[in-house]
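Input: a single structure, listed below in structure tokens.
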Amino acid sequence: MTTFEKAGIPRQLLWGYIGVMIFMMGDGIEQGWLSPYLVDHGMTVQQSATLFTVYGITIAISAWFSGVLAEGLGVKRTMALGLLLYCLGTVGFVGFGMPELNVPVMLLTYALRGFGYPLFAYTFLVWIAYSAPQQQLGRAVGWFWFVFTGGLNVLGAYYSSWAITEFGHLNTLWTSLFWALLGAVFALLLNRSKAESQSAGGSKLQELVKGLTIVKEEPKVLLGGIVRIINTTAQFAFPVFLPMYMAEHGFDTTEWLTIWGTIFTSNIIFNLIFGFVGDRFGWRNTIMWFGGVGCAVSTLLFYYAPQIWENNYWMVMGAGILWGALLAGYVPLTALVPSLVKKDKGAAMAILNLGAGLPVFVGPAIVGLFIGLVGNEGVIWILAVLYVISAIITKFITLPDNAKTLHHTLQPEEKLQTI
């Protein structure tokens, strides 16, 4: 067994992991600055919000399609389709929409760009589900979320902060094409592993339908999708109101951004740790206690930290790091859900991927609907309660044939027989 396999990375997929990280680095280039740039250059806040809303819609749709298309077209073809849509959307957005701030063109092309990364990155998750040994699946998906978040939220941000100074905003966006293409070279050309679909065959339309009917055939897949939505709802809700709350307690924008960035540095590290923990402690137990209960407690701690410790920067930072770490407690969900079915793993992953896309709307929607009624504090409690609900739901997501989720009680050979 190689060093990478001992760490939980399937040897045959190593280049794919590297490719996903590079691709997501390119996709994350504009995350931290595009909205203020557009507003500074004449767009209204409402127009900017509409742009990102449309972008989020296509991400959610594409996230669902990633699983079912992987079954119908194959993983490499689906990832190549994602690359094509990403490149076409980028050329249209940067070349024809951005220079004149042509809003209709920007809406259309940025939406097209949004179809790209879920088809590329989330389809690779299906590849992992088919290729990774069962006893290493938790660690394998942990590594996926490490490279995904590390590329999107960390490397993309660091690179863009340098590139904007060197190349300017528009030229920095153009370089995203280079990174996307380079990532594809690693993931699709250098990575020669084959993913064998376990579906029974049939038309591509049937595969699309399977992405919906799977929840009727195996309701636990739907439960997994609901838990996945709750997983990152707070991640998309926090930026809507917490920066203003933190400002009321003396934290300026730079300090808030540093805290937010450090949270996700913690998150990518613990994505790996909880992959190992899940394989040892049990996937369900890890999700319930570290993810659900842990995030409920740390969400409240993060909010109340400025009050408890009288605006102490490092204590607030520590509370944020704890929340980011426990957010990774949901990592084994990506191993648990596809293991609920013996075939049609792509359809199961489609529901899970849809759950990964929907928080883009659910998080801000919760804030918009309730902050006027219950204020910042009430919204925080809603998010904390949702985490508790996710822990309760996870209790009912059991593997087929009463398979044990306490994997540390089984030897690898026994795990395979049980599952």
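The values are calculated or read from the model by the stated rules, or taken from the named source; none is laboratory data. On a predicted model such as this, the values are computed, not experimentally measured, just so you know. FYI the Cβ positions are ideal-geometry reconstructions off the backbone, even for glycines, and counts take in every protein chain you see. With ligands, DNA and RNA removed, areas are computed over all heavy atoms of the protein, side chains included. Shrake-Rupley method; radii C 1.70, N 1.55, O 1.52, S 1.80 Å.
Observations on the structure shown:
- Restricting attention to the stretch 248-264, the residues that are modelled with pLDDT of 85 or more, assigned to a helix (DSSP H, G or I) and more than 25 Å from Phe148 (Cα to Cα) add up to 1.
- Residue identified as at pLDDT below 95, open to solvent by less than 40 Å² (accessible area, probe 1.4 Å) and not acidic (Asp, Glu) among Gly151, Gly183: Gly151
- For the criterion of being among the aromatic types (Phe, Trp, Tyr) and within 21 Å of Pro364 (Cα to Cα), Phe115 passes.
- Residues (open to solvent by 50 Å² or more (accessible area, probe 1.4 Å) and under 27 Å from Val68 (Cα atoms)) located in the stretch 363-374: none
- Of the residues contained in the stretch 86-102, one or more are found to be under 19 Å from the mean Cα position of the chain (by Cα), among the hydroxyl-bearing types (Ser, Thr, Tyr) and modelled with pLDDT of 95 or more.
- Residues satisfying the stated conditions in the stretch 396-419, i.e. open to solvent by 70 Å² or more (accessible area, probe 1.4 Å) and modelled with pLDDT of 85 or more: Phe396
- Taking the stretch 1-17 as the range and being open to solvent by 60 Å² or more (accessible area, probe 1.4 Å) and of a type outside the set (D, E, K, R) as the test, the residues that pass are Met1, Thr3, Phe4, Gln12, Trp15.
- Qualifying position, being of a type outside the set (Asp, Glu) and over 30 Å from Thr172 (Cα atoms), among Tyr122, Tyr130, Tyr117: Tyr130
- One residue stands out in the stretch 160-180 among those that are modelled with pLDDT of 95 or more and either small (Gly, Ala, Ser) or not in a helix (DSSP H, G or I) (or both): the one that is nearest to Gln31 (Cα to Cα), namely Ser176.
- Those residues of the stretch 86-118 which are within 22 Å of Ala347 (Cα to Cα), part of a helix (DSSP H, G or I) and open to solvent by 10 Å² or more (accessible area, probe 1.4 Å), in sequence order: Tyr117
- Filter pass, Ala129 being at pLDDT below 90 and either among the aromatic types (Phe, Trp, Tyr) or closer than 30 Å to Asp279 by Cβ (or both): yes
- Positions within the stretch 119-139 being among the aliphatic types (A, V, I, L, M) and part of a helix (DSSP H, G or I), in sequence order: Leu119, Ala121, Leu125, Val126, Ile128, Ala129, Leu137
- Subset tally (residues that are closer than 18 Å to Leu223 by Cα and either modelled with pLDDT under 50 or out of contact with any helix residue (DSSP H, G or I) (no Cβ under 6 Å at 6 or more places or on another chain) (or both)) for the stretch 367-395: 4
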